[in-house]
Structure formats: C-alpha cells, structure tokens
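As structure tokens, the structure follows; a few thoughts come after it.
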Amino acid sequence: DGTERPVDDSAAPIRDRRGRLVGVVMVFRDVTERRQAEAARAETLRRTAAVLERIGDAFYALDRDWRYAYINAH
C-alpha cells in the first residue's frame, strides 16, 4: 500500500570453505513501535521539564548516587 516504515538492518557475509564471498544474509526489523515509544517518552520528559520550570521555588532531583539529576532555573 506504499506505507513507509522505519527499519533497523544488519547484514552478514556468507563465505564458502575457501573464504570467498558467495552471498549475504540481510535482516530488516520494523522499529515503528520502538520509535513511537521513544517519541512518547521524549514528549513526557519535555512536559515534565516544562512543569518543573514553572515552579516558583527551587527544585532539584538527585540520582541514586546523590548526584544532581535535575535543577530548575529558580
């Protein structure tokens, strides 16, 4: 139907006993769902950052190693 889809691809040579190239195996994988999930995650992060930047007080978040992971502009 003409629909285009994002794909990951990989290829590996097929060689005979003498090491001569006799063919190639190619694999294509549809990554539509992964790309959609990545886009949704990016949008969630964008919205979260927008909310945190609107907080009137200082806000920060620490990671598991007690390092700053986020600091808003206030």
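The values are calculated or read from the model by the stated rules, or taken from the named source; none is laboratory data. Since the structure is predicted, the reported quantities are computational estimates derived from the model, not experimental observations. Reconstructed Cβ throughout: ideal geometry from the backbone, glycine too, with neighbour counts over all protein chains shown. Remember, those area values only see protein heavy atoms, side chains included, never the ligands or the DNA or RNA. Shrake-Rupley method; radii C 1.70, N 1.55, O 1.52, S 1.80 Å.
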Checklist entry - Any idea of Asp9's accessible area? Nearest 10 Å², probe 1.4 Å. => result 110
Checklist outcome for this item: Rounded to the nearest 10 Å², the 1.4 Å probe accessible area of Leu52 is 30
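How large is Rg over Rh for the chain, taking Rg from the Cα atoms and Rh as the Kirkwood inverse mean of 1/r across Cα pairs? Don't jump to the answer; show the numbers that get you there.
Numbers: Rg = 23.2 Å, Rh = 17.2 Å.
That ratio equals 1.35.
Please compute the length gained on full extension between Tyr70 and Ala37, using 0.36 nm multiplied by the number of residues separating them and subtracting their Cα-Cα distance.
Working: separation 33, 0.36 × 33 = 11.88 nm, distance 2.26 nm.
Stretched fully, the Tyr70-Ala37 segment lengthens by 9.6 nm.
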Checklist outcome for this item: Simple spin-label estimate for Arg15/Ala49, 7 Å along Cα→Cβ, in nm, reads 4.6
Checklist entry - What are the trypsin sites (Lys or Arg not before Pro) within the chain that DSSP puts in a loop, where the Cβ has at most 13 other Cβ atoms within 10 Å? => result Arg17, Arg18, Arg20, Arg64, Arg67
Checklist entry - Using Cα atoms only, what is the angle between the long axis of helix 32-54 and the major principal axis of the chain, expressed in degrees (0 to 90) to the nearest 10? => result 20
Next on the checklist: Run through the range 1-70 and list the chymotrypsin sites (Phe, Trp or Tyr not before Pro) located in a DSSP loop whose Cβ has at most 15 other Cβ atoms within 10 Å.
Outcome noted: Phe59, Trp66
Item to check | Apportionment of accessible area to carbon and sulfur, the chain, percent (1.4 Å) | outcome: 53
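At 222 nm, what helix-only mean residue ellipticity would the chain give, in deg cm²/dmol to the nearest 500, using -39500 (n - 2.57) for each DSSP H run of four or more?
Working: 1 runs with 23 residues, N = 74.
Theoretical 222 nm ellipticity from helices: -11000 deg cm²/dmol.
With every protein chain left in place, what is the accessible area per residue of the chain in square angstrom, probe 1.4 Å? If you can, show how the numbers build up before the last one.
On the way: 6880 Å² over 74 residues.
Here the residues of the chain average 93 Å² of exposed surface.
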